[in-house]
Amino acid sequence: MKVTVIGSGYVGLVTGACLADIGNDVLCLDIDIEKIAALKAGEISIYEPGLSDMVRINVAAGRMRFTTDVELAVQHGHLQFIAVGTPRGEDGSADLQYVLSAARAIGEMMNDARIVVNKSTVPVGTAAKVSQIIKDTLSGRGLDLDFAVVSNPEFLKEGAAIEDFMRPDRIVIGSEDTAATDTLKRLYAPFERNHTKLMLMDSRSAEMTKYAANAMLATRISFMNELAMLAEKVGADIDQVRRGIGADPRIGTHFLYPGCGYGGSCFPKDVQALIRIGADHQVPLRVLGAVEAANEAQKHVLAAKISERFGENLVGRHFAIWGLAFKPNTDDMREASSLVLIRYLLNAGATISAYDPAASQEARRVISISEAMQFSDNAMRALEGAHALVLVTEWKEFRSADLDAITSKLLTPIVFDGRNIFDPTQAREAGLEYFCIGRP
Ligand code: UDX
């Protein structure tokens, strides 16, 4: 099928590459001239395992191309995917300006029937808005062309986006148009692998599903984070509690890991946006308000443990940080817990040596770097001269770190583990003073 993807960011590129990979003819559009020039030159600035190779292979095979030409893009695909950003607006609601301008562009440039597929995370009712804009723009041109708007949210995890797209656990298609639904069923048929992954629903339910999924996951995490704090006080081990409750299939084992708070481009933004949607409709989403507040508090948990151990004044103290990205396998620093920790340490007068396998460059861009903050290109070297190691992101390479080597490298053998990746007994046996989340 001929597919246009409007927006060549994270979601757009993954969508474009995966759809090209199964044999579609994909044209990716972006208004950012530099980004498209770089993509044409084979440079992909997004850190996502497998994405660069997949783009390269499909560009070479002639199935994937890039353009800044809106007219060309709208004319190319019978399917027009909208995969532009919906950043957090001032009041917490999703800013729809890019989605709506994509809709306008489609209305202005289309000369044949089109199916507009919205992948961006948008408030309930946006498909109807997009539809209205296209209709108005067409009638402004004196045209009455056939089109349908479908809501098709993505459920891609950063660091596993290709896998999530290629082996989805569900494909949500929200549509009021049977012909459009049939076309999308055909488009997604190769991803079904003998199991029915397709969920057909109305567009409003599809839009709400995306927010509900992220809000539910964020809720589980915040709930476990609060229980972890309680476990510390009552002398329980949250890891045992997690196993105990996860065995109940109604609860399940996933997303029950307490830590130093969730971050990223989705959870914080989507939780806020859903709260906003609730408020707009006079339905106070009290649970989600608490989820958000609990997460803000949880981002300070490492700072609290450090100040309890070292006192408020950290002048003359040096800390090693392992992990800066909001989670492993990404260089994404958005809403990362490391940012809260770094701000705290620097304000208290400490110095820092930070190591992250992928996010150092991005961190340099988003943190106003002073002499007090240095980056190391090696995990063990970052420990030299440090009074403690603070682990913020659970990259795989940290899991098998030699605890004896950590003890001997550190100036004082103290570890604050914000993701519970080490075994407390082994840490103690290695001579470490070990602080973690919700475990004795
Ligand atoms: C999330 C959703 O999982 C995905 O379906 C959606 O499309 C986009 O948002 P992502 O933001 O890439 O994906 O990250 P995810 O792996 O879900 O982790 C989010 C945050 O929660 C991370 O900061 C992670 O460290 C934290 N987390 C996750 C926990 O603290 N505990 C857990 O048990 C799981």
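Rule-based calculations on the coordinates, nothing more; no lab input. Computed from a predicted model, the values in this text were never measured in an experiment. Don't worry about glycine lacking a Cβ; one is built from the backbone with ideal geometry, like all the others, and counts go over all protein chains shown.
Fully extended, how many nm does the chain gain between GLN426 and ARG243 (0.36 nm per residue separation, minus their Cα-Cα distance)?
Working: separation 183, 0.36 × 183 = 65.88 nm, distance 2.00 nm.
Contour length minus Cα-Cα distance gives 63.9 nm.
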Legend entry - Ranking of ILE115, ILE133 by count of other Cβ atoms within 10 Å, fewest first: ILE133, ILE115
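Looking at region 370-440, which GluC sites (Glu not before Pro) are in a loop (DSSP not H, G, I, E or B) and have at most 13 other Cβ atoms within 10 Å?
On the way: sites: GLU371, GLU384, GLU394, GLU397, GLU429, GLU433; in loops: GLU371, GLU384, GLU394.
Filter output for region 370-440: GLU371.
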Inset, instruction - Note down the nm distance, to one decimal, between modelled labels 7 Å out along Cα→Cβ at THR196 and at GLU34. - result: 4.9
Inset, instruction - Check every DSSP H run in the chain and write down those whose alpha carbon atoms cover 20 angstrom or more along the long axis and whose mean Kyte-Doolittle hydropathy is -1.0 or greater. - result: 126-140, 203-234
Inset, instruction - Rounded, prolate or oblate: pick one for region 211-297, where a ≥ b ≥ c are the square roots of the eigenvalues of its C-alpha gyration tensor, a/c under 1.5 means rounded, and failing that, prolate if a/b is larger than b/c, else oblate. - result: prolate
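Among rounded, prolate and oblate, which fits region 247-292 when a ≥ b ≥ c are the square roots of the eigenvalues of its C-alpha gyration tensor, a/c under 1.5 means rounded, and a/b larger than b/c means prolate? Spell out each step's value before the answer.
Numbers: a/c = 2.79, a/b = 1.61, b/c = 1.73.
Cα axes put region 247-292 in the oblate bin.
Please report LEU198, LEU432, LEU230 as a ranked list, fewest other C-beta atoms within 10 angstrom at the top and most at the bottom.
On the way: LEU198 17, LEU432 23, LEU230 12.
Going from least to most buried by this count: LEU230, LEU198, LEU432.
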Inset, instruction - Within 10 Å of each residue's Cβ, count the other Cβ atoms and sort HIS78, HIS281 from fewest upward. - result: HIS281, HIS78
Legend entry - Over 23 Å (Cα to Cα) - which of LYS269/LYS299; LYS129/LYS157; LYS35/LYS327; LYS299/LYS396; LYS40/LYS210 fall in this group: LYS129/LYS157; LYS35/LYS327; LYS40/LYS210
Inset, instruction - Please work out whether region 2-201 counts as rounded, prolate or oblate from its C-alpha gyration tensor, where a ≥ b ≥ c are the square roots of the eigenvalues and a/c under 1.5 means rounded, while otherwise a/b larger than b/c means prolate and anything else oblate? - result: rounded
Inset, instruction - Report, by chain and number, residues whose modeled amide H sits under 5 Å from the one on ALA94, excluding near sequence neighbours (fewer than 5 apart, same chain). - result: GLY89
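Summing Lys, Arg as +1 and Asp, Glu as -1, what charge do residues with Cβ under 12 Å from the Cβ of ALA372 carry, ALA372 excluded? Display every interim value, and only then the final one.
On the way: positive: ARG317, ARG343; negative: GLU371.
Spelling it out: positives minus negatives among the neighbours equals +1.
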Inset, instruction - Just grab the label-to-label distance for ASP377 and ALA160, each label 7 Å out from Cα along the Cβ direction, in nm (one decimal). - result: 3.1
Legend entry - Residue among ILE275, HIS318, VAL301 farthest towards the positive dipole end of region 259-336, charges placed on Cβ: HIS318
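Calculate, for THR253 and GLU108, the FRET efficiency according to 1/(1 + (r/R0)^6) with r their C-beta to C-beta distance and R0 51 Å; round to the nearest 0.05. The partial results should precede the final answer.
Values: r = 49 Å, r/R0 = 0.97.
For R0 = 51 Å, the calculated efficiency reads 0.55.
Net charge near SER360: determine it from the other residues with C-beta under 12 Å of the C-beta of SER360, scoring Lys and Arg +1 and Asp and Glu -1.
Details: positive: ARG364, ARG365; negative: ASP331, ASP356, GLU362, ASP377.
Charge balance in the 12 Å sphere: -2.
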Inset, instruction - Give me the distance between the Cα centres of region 153-183 and region 255-277, rounded to whole Å. - result: 21
Legend entry - Computed [θ] at 222 nm, deg cm²/dmol, the chain (DSSP H ≥ 4; -39,500 (n - 2.57); rounded to nearest 500): -13500 deg cm²/dmol
Legend entry - Peptides 25-34, 43-52 ordered by average Cβ neighbours within 10 Å, highest first: 25-34, 43-52
Inset, instruction - Calculate the length of the line joining the C-alpha centroid of region 197-254 to that of region 52-88, in whole Å. - result: 35
Legend entry - Candidate lysines for bridging to LYS305, where Cα separation is under 16 Å - those fewer than 8 sequence places away on the same chain excluded: LYS233
Legend entry - Distance-filtered residues of region 322-363 - backbone nitrogen under 15 Å, label point 7 angstrom along LEU411 Cα→Cβ: 346, 349-354
Legend entry - Extension reserve of the ILE57-ASP144 stretch, reckoned as 0.36 nm per residue once the Cα distance is removed: 27.4 nm
